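The values are calculated or read from the model by the stated rules, or taken from the named source; none is laboratory data. Computed from a prediction, not measured in an experiment: that's the story for all the values here. Note: ideal-geometry Cβ built from the backbone for every residue, glycine included; neighbour counts use all protein chains shown. We work out accessible area using only protein heavy atoms, side chains counted, and drop any ligands, DNA or RNA first. Shrake-Rupley method; radii C 1.70, N 1.55, O 1.52, S 1.80 Å.
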Amino acid sequence: MFKIKRKADKPKRTVLYNIVEDYSEFDAPGNVTVCAMTEQEDLQAHAKILAESYDVPLETMTTLLTTGGTYVYPHIGGILTRGLFACRIDLTGERIKYTWTFDLVQFAEAEHLARSRQQALVEAAWEVFGKGLPAELRVKLEQKNLGLDYRTLDRAVAKGGDIKYIDFRKDWSPHFRRLCIMPDGRLVETGGIEEFAQLHGIAVAQARELIQQGGTLEVDGEVLACQIVNGQPAVARFSAMNYAKAKDLVSSKGLHLMDALSEVGYADPAMMRGLARKTLRA
């Protein structure tokens, strides 16, 4: 008698957030994505994802998410090249847990404020961070559960109860989606650098460099272009024909390649339709 083997269930994807609000179109430094969770925190998964996203040691991240505090990035060659990661926790459990990152300018301001007031760096950092957020978001943060009407939320979200934590993110995360305009005008969503790399047939290291630094990358005769706007990556893929047109503009007009690609993209009806749809979805 043959035994029927049961197909192994695929491991469920960890869900870190069930409420996401996008403020990435606002001016820096308030151009954040609000990623919130009403269910109980999976500390191990939460720490793992944030540690990988922000280059913080896992053990350190776990401690920060447990007790709160700040992580100042180490000096490289005697020079501080990055700001800090912060986690603000109310140990009584009455307030939401918040995490966010700072660039060097914000870090310097928070450090100065902490010294002048003789207060904890994480509290000074929270005050500096709050000042830079959009007014609309600051108002929401003063309200319970961001002022959301739980009667209108999905039942699965609402049944979790109050918001447990909020990560204010600016990176390309697997836990929320970003859009790429394709040569035919389609808008393709990807969540995370690995998925983005797979979509375009490039190495993860190439995808990470493109998303973090901006610029262009040739792919099978076509070209990927990433422009960093207010710290947020905006990505489009250009066909071989449009790439050739852009290179002609570089030669004939002396334009920078990114400017030439923009000019070609605006003249392409399909890509403009994609841009219009992206604007409507923003």
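Brief remarks follow.
- Condition check for Leu255: in contact with a Leu (Cβ under 9 Å, 6 or more places away or on another chain), modelled with pLDDT under 95 and part of a loop (DSSP other than H, G, I, E, B): yes
- Residues in the range 136-165 that are on the phi > 0 side of the Ramachandran plot and open to solvent by less than 40 Å² (accessible area, probe 1.4 Å) were compared, and the one that is nearest to the chain's Cα centre (by Cα) is Leu146.
- Residue within the range 241-262 that is under 30 Å from Ile49 (Cβ atoms) and crowded, with 16+ Cβ neighbours inside 10 Å present: no
- Those residues of the range 208-222 which are surrounded by 15 or more Cβ atoms within 10 Å (Cβ to Cβ), assigned to a strand (DSSP E or B) and among the charged types (D, E, K, R), in sequence order: Glu222
- One residue alone among Ala236, Ala225 is touching a Ser or Thr at 6+ places or on another chain (Cβ under 7 Å) and either assigned to a loop (DSSP other than H, G, I, E, B) or within 18 Å of Leu187 (Cβ to Cβ) (or both), and that residue is Ala225.
- Just one of the numbered conditions (1) modelled with pLDDT of 90 or more; (2) within 30 Å of Val139 (Cβ to Cβ); (3) not in a strand (DSSP E or B) is not true of Gln44: (2).
- Residue that is nearest to Tyr165 (Cα to Cα), among those in the range 61-76 that are surrounded by fewer than 18 Cβ atoms within 10 Å (Cβ to Cβ) and of a type in the set (A, V, I, L, M): Val72
- Filtered by the rule that a residue be closer than 15 Å to Tyr17 by Cβ and open to solvent by 40 Å² or more (accessible area, probe 1.4 Å), the range 44-60 gives a lone residue, Lys48.
- Per the listing Phe129, Phe168, Phe196, the residue uniquely in contact (Cβ under 8 Å) with a residue 12 or more places away in the chain, buried (at least 16 other Cβ atoms within 10 Å of the Cβ) and over 15 Å from Thr33 (Cβ atoms) is Phe196.
- Phe168 touching a strand residue (DSSP E or B) at 6+ places or on another chain (Cβ under 7 Å), closer than 30 Å to Glu94 by Cα and not aliphatic (A, V, I, L, M): yes
- The lone exception for Thr38 - which of (1) touching a residue at least 60 places away in the same chain (Cβ under 8 Å); (2) not assigned by the TED database to the domain that holds Gly161 it fails: (2)
- Failed criterion for Ala282 (all others in (1) over 21 Å from the mean Cα position of the chain (by Cα); (2) surrounded by fewer than 15 Cβ atoms within 10 Å (Cβ to Cβ); (3) small (Gly, Ala, Ser); (4) at pLDDT below 85 hold): (1)
- Scoring Leu217 on the criteria (1) without any contact (Cβ under 8 Å) to a residue 24 or more places away in the chain; (2) within 20 Å of the chain's Cα centre (by Cα) leaves a single failure, condition (2).
- Qualifying residue in the range 77-88 (condition: in a strand (DSSP E or B) and open to solvent by 60 Å² or more (accessible area, probe 1.4 Å)): yes
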